[in-house]
Amino acid sequence: MSYPRRLASFILGVALLAAEAFGASTQASRADMVKKSDLVFVATVTEVGKASFAGVPASVRTIVVRVDTVIEKPSTVPVATGDLVTVRVNDLSRYRKGARATFYTQGWILGQGLAVREIGHEPIPKPKAAAAAVETGRDVKKIRGQVSDTQLKAQIQTADMVVAGRVVSVQPHTMQATGTPPRRITEHDPDWQEAVILVDSTIKGTTTNNRALVRFPASRDVQWFGAPKFAVGQQGVFILQQDRVSGVPKAMLSGAEVPAYTALRPADVLPSTEVQRIRALIQP
Amino acid sequence: MRVLVSRSDVDQPFTHVSTAGTNDRIYVGNNDFAAGSRTATVDVSADGGKSWRAVRIETRNTAGQNGPSVRPTAARDGTVYAAYFGWRSFDGSIATSDVVVVRDDNGAVGPNPFRDLADAGDGLAGRRVMQNASIPWANAPTLGQERIGSTLSIAVDPNNSAIVYVAWCDRVGNGDIYTAHVRRSIDRGATWSGDLRTVTNATNVALAVADNGTVAFLYQQLVGTGAGARWLTHLAQTRDAFAAFQDTVLATVPANAPPLQFLPYLGDYAFVLAVGGEFRGVFSANNTPDNANFPQSVTYQRRADFGTRTLQDTAGNPVAVSIDPFYFSVGVIQ
């Protein structure tokens, strides 16, 4: 072998070792991987450098795996034991045919098959496959619970008001009385309505006469259809933000000007049964 | 993907690209709510997106804004047209609107873009192809489960910029909900035909002109009532201004399934363009895997059982019917 080739091989070898070291040191903790993943499964590698269906762009970083156990997946993603899945991996050199691992992934392509992107993986020695799936499944559930409490706590911390109560009225918005920006006609018009909540319990913030006014989009436009809608008689725990969306922060209630609030995420409206959990979360 | 430019307060951007020398010329029609009451705008870039200029194309008073749809198109000789809805009044449910076409003879890169076509009636830039059209604005299920309010398309013969077509929908008032119209100019927009084609209870109109002058008119029409209502997606081609035309039904699907989840139900637009000897485009429709729903045949890129007419997941479990985009390619008639 000539000198330049030996040098090139040496450099390549060093690069691979560096990649290996880099990869190992940056493999995140299980909790970090769970938080970033929406699809977690145990699988066995069947092909390296290939894809399981034609819809996957050609790449040297894809492997094909056969799913052994689905630990967690979104309800809308069709994947089950025995399915072949393409995984776009972080480092192809870590995989050999027949190797088994727990894969933490995000969805990538769903067409004639399923392709996902690796967030991380945990190799599983052969004898421990079944036990690993069970143990991992329990851990993922525990981490999700923690994530859920963490997320709820963060939500409450950034909320301007949190109340438990019942919706007693719903009416078109009263923005004209408090200063209205020019109304633009667009398919994405939120069609603001105002719901008045009779507050049973104030968990955070201050109400006016035990009432909170929540402005919500009645529109079914794609931009707004997921935002909670309010109806008379509805009970719950409401995590509210001061209205910084409509451009008119105040509303009229029984002749008086009051702050308007919004609850635009599905997670901003919780069942009444969550009151104790929420109180426990915000205790110092 | 690299973001070239971002602006807020803009509705319905719609893009057309042509080339001039080695540069892409990009025209983005949009309803710019930062523009006062004359909101119809075409953002123009003559250098492939490096720099932009917002050109206000409405020259008349409006009802506070223009309609959402602003559509540009360009011919190979550098002539650029744009069509828009000039809302003159709005009562909360009906916009009384002009259908306006503007033109620029030099790629819209000069000092006074889109001022080359004046209306003989008032001398202002922008020829009113139709005046005082009643356009229902209904952000709720109105045409079947679909909303209506703004559908508009313009297409120019790529090799003869004197020939230009416009299509839009409005309410004629003969018991219709929404009627599609197609008109043509053969003198660079100065004068226009009457309706060459009208289709009752249609929406999502789109036009294209092929190199040989063949015109394609894509639209989606609601037919039937109650449980028998269906959405038909048509591609009509003509070489003689619709005196005769070849009608190709791309899809005929149930209109009541799936049930509405959000709006738009099918989509606020469909699209067609000419590429060589083909018209290619996209539309959305009910995705039941039933060959009878697709008279020209169909290929699914998802698992489906056409025998049992069932969508499936990768494990073979049934999946509910929904709305999917469909791509099509139809040969240009000669």
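Values in this text are rule-based calculations from the coordinates and carry no lab data. Since the structure is predicted, the reported quantities are computational estimates derived from the model, not experimental observations. For neighbour counting, all protein chains shown are included, and Cβ atoms are generated from backbone atoms with ideal geometry for every residue, glycine included.
Among the trypsin sites (Lys or Arg not before Pro) in region A:59-166, those placed in a DSSP loop whose Cβ has at most 10 other Cβ atoms within 10 Å are A:96.
Output the pairs from A:141/A:250; A:36/A:97; A:35/B:50; A:36/B:50 with a Cα-Cα distance over 32 Å in this structure; if there are none, say none. Checking Cα-Cα distances, A:141/A:250; A:35/B:50; A:36/B:50 exceed 32 Å. Calculated mean residue ellipticity, 222 nm, chain A: -8000 deg cm²/dmol, from DSSP H runs (n ≥ 4) at -39500 (n - 2.57) each, averaged per residue and rounded to 500. Relative to the first principal axis of the alpha-carbon coordinates of chain A, what is the inclination of helix A:3-26, with its axis defined by its Cα atoms, in degrees from 0 to 90 and to the nearest 10? With rounding to tens, the tilt is 40 degrees. For residue A:198, project a label point 7 Å along Cα to C-beta. Then give me every residue of region A:207-245 with its amide nitrogen under 20 Å of that point. Taking a point 7 Å out along Cα→Cβ of residue A:198, the residues of region A:207-245 whose backbone N falls under 20 Å are A:207-215, A:230-239.
Going from the fewest other Cβ atoms within 10 Å to the most, the residues B:153, B:322 appear in the order B:322, B:153. Remark: mean inter-chain Cβ contacts per residue of A:74-86 equal 2, using a 10 Å Cβ-Cβ cutoff to other protein chain atoms.
Counting only DSSP beta bridges with both residues in the protein assembly as shown, the antiparallel share comes to about 95 percent. Its relative contact order, with pairs defined as Cα atoms under 8 Å and 6+ residues apart, puts chain A at 14 percent. Shown in residue order for region B:91-97 are the 3J(HN,Hα) couplings computed by the Karplus curve 6.51 cos²θ - 1.76 cosθ + 1.60 at θ = phi - 60°: 9, x, 9, 10, 9, 8, 9 Hz (x for Gly and Pro). In plain terms, the residue of B:234, A:188 with the fewest other Cβ atoms within 10 Å comes first and the most crowded comes last, giving A:188, B:234. Mean sequence separation of contacting Cα pairs (under 8 Å, at least six apart), scaled by the length of region A:215-284, corresponds to a relative contact order of 35 percent.
Karplus-derived 3J(HN,Hα) values for region A:257-266, using 6.51 cos²θ - 1.76 cosθ + 1.60 with θ = phi - 60°, are 7, 10, x, 9, 10, 10, 9, 9, 9, x Hz; glycine and proline are entered as x. Of the trypsin sites (Lys or Arg not before Pro) found in region A:202-264, those in coil by DSSP whose Cβ has at most 12 other Cβ atoms within 10 Å are A:244.
Looking at region B:217-301, the chymotrypsin sites (Phe, Trp or Tyr not before Pro) that sit in a DSSP loop and have at most 13 other Cβ atoms within 10 Å of their own Cβ are B:262. The string of couplings for region B:206-216 from the Karplus curve (6.51, -1.76, 1.60, θ = phi - 60°) is 8, 10, 8, 10, 7, 4, 8, x, 5, 9, 10 Hz, one whole number per residue in order, with x for Gly and Pro. Figure legend: label point modelled 7 angstrom from the Cα of residue A:97 along Cα→Cβ; residues of region A:42-60 with amide N under 13 Å from it are A:45-50.
Take each residue of peptide A:183-194, count the partner chain Cβ atoms within 10 Å of its Cβ, and average: the result is 5.
Once you order the gyration tensor axes a ≥ b ≥ c over the Cα atoms, which shape class does region B:86-206 get: rounded for a/c under 1.5, otherwise prolate or oblate by comparing a/b with b/c?
Because a/c hits 1.5 or more and a/b exceeds b/c, region B:86-206 counts as prolate.
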